[in-house]
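Bear in mind that the values in this text are calculations on the coordinates, not laboratory data. Computed from a predicted model, the values in this text were never measured in an experiment. Ideal geometry is used to build each Cβ from the backbone, glycine not excepted, and the neighbour counts take in all protein chains shown.
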Ligand SMILES: Nc1ncnc2c1ncn2[C@@H]1O[C@H](COP(=O)(O)OP(=O)(O)OP(=O)(O)O)[C@@H](O)[C@H]1O
């Protein structure tokens, strides 16, 4: 039970909250008794001194009750917020250790919902349990006991009325609870659609899809509205139903008490306090039923959060550091890989020597990105082995393995912060000189120099305030600042014009690095020492441009298609 782990540091706050709530409930139980005394010993005999004195007593009881309630509220907030924060931190940590495969399966929107909405639901439940779980049963049982103390015969009415109220609340709740949980599900969908729409707003407008998206949104919210109305109508039955039961109970109390007052075995004040206790039972049952609804919702949220926490990464690191003596830099040895949705690479074998520039080419979906994602162990091979410096990559510590690699992903992503801060991601102590060197190599210096604040220019989250091409160049610079032994460019120059792309490749060729260039453009890798041609996840050719032109049909087709498109040999 994860919840116990998070509650443990707040054990005393939770217990204190419980105790203060019980004090408040106890004082609340005393008030109808005090009112009865005022009626019998003050109002009935015109004793104003007694009434004044008891008014102070009631004021005192209410004030202490109110103060206890505030203290309880304080401890409940402290505990619920503390539990939520600890849980959120652990979830964040767990998600950061996730394998890519797990991220793919659970999905980012769902993880965001779990770490925000679901934790909020759990926090609310923790606060409610502290504040109301003790109070309501205490008041229900206390009111029953008090009524028996006042007059056991009249109190038998409570024994009939209380279960009837409980049954009607249960009946309505058991029908509405599944509806509300379905409504919650629809609301989740509404938030998913909203998130998708907001993040893709430009694409939606570019494709004139506003009306369709509006309809999709409206149909979901209409469904939510309709279900909400049905559930609301059913809930609305509850109030009059329970009020009728309570009113019958009150009539029965008045009827029987009338005889008893006439017979002198009961006072008017006692009748009033019995009616008050009857109302208190009703209110407490309402509150308790609502706490149960909140607990129900929270238990579903808790399960979703516990799933996140219990998911352990399959990819674990080894213990080795990089050897200084080796022959081959990277070796793919009969590597196959499958996503949960299907096979992506089959029996891939090739070798990369230190200092070589390797091109990876192939059609869309041929497995290029998958192939290079296996090197830093974003995913682990399903079969075969990859070795770096003649050691299996599984035997390296993550830090050592990933320190050797500078990867520029297809999707150029920058983070909120200055250009300097972004550049220092891979090398926290990089000097401005080293950063400028990387900017120069990546063909970014020119546009950074034009920015009035240079390296101090603030990059918005995701790099929204720079163009696609500039973003790509900056991500290349970020990888270069790290001075990796292996630089992997995954279609990283797709947004660059041909001239800049050529300059970039020329600059990279001056570096003492092993470079892997993934591209669909022949011009981007035709000068590589070796080119690997992929088709449907299999290597269908390997060699230099000239060799492949003579031996590999797929490569020839790619070259021909690009020559027809006028993209080849633009240098
Ligand atoms: N995260 C993923 N989950 C499931 N399947 C995936 C995932 N990523 C890729 N695939 C599938 O694996 C195959 C290879 O995809 P990959 O992205 O490696 O191709 P690619 O050659 O890099 O394509 P592109 O040139 O379009 O980037 C494709 O069929 C693709 O649908």
Helix 210-263 versus the longest principal axis of the chain: what angle, 0 to 90°, nearest 10, using Cα atoms? 20 degrees
Enter the angle in degrees (range 0 to 90, nearest 10) between the Cα long axis of helix 135-150 and the first principal axis of the Cα atoms of the chain, meaning the one along which they spread out most. 10 degrees
How tilted is helix 553-564 with respect to the longest principal axis of the chain? Cα atoms for both, answer in degrees (0 to 90, nearest 10). 90 degrees
Which percent, nearest 5, of DSSP beta bridges in the chain are antiparallel? 50 percent
Order of 503, 11 from fewest to most other C-beta atoms within 10 Å? 11, 503
Per the helix-only calculation at 222 nm, which mean residue ellipticity applies to the chain, given -39500 (n - 2.57) for every DSSP H run of n ≥ 4 and division by its residues, nearest 500 deg cm²/dmol? -21000 deg cm²/dmol
Quick check on the exposure proxy: order 549, 404 from fewest to most C-beta atoms within 10 angstrom. 549, 404
Distance from the Cα centre of the stretch 291-370 to that of the stretch 386-416, in angstrom? 11 Å
For the stretch 378-436, projected area of the alpha-carbon convex hull averaged over all directions, nm²: 5.8 nm²
Expected sort for 527, 334, 46 with the fewest Cβ neighbours (10 Å cutoff) up front is 46, 334, 527
So if R0 is 56 Å, what FRET efficiency would residue 187 and residue 325 give, r being the distance between their Cβ atoms, rounded to the nearest 0.05? 0.40
What relative contact order, as a whole-number percentage, does the chain give when Cα pairs under 8 Å and 6 or more residues apart are counted? 14 percent
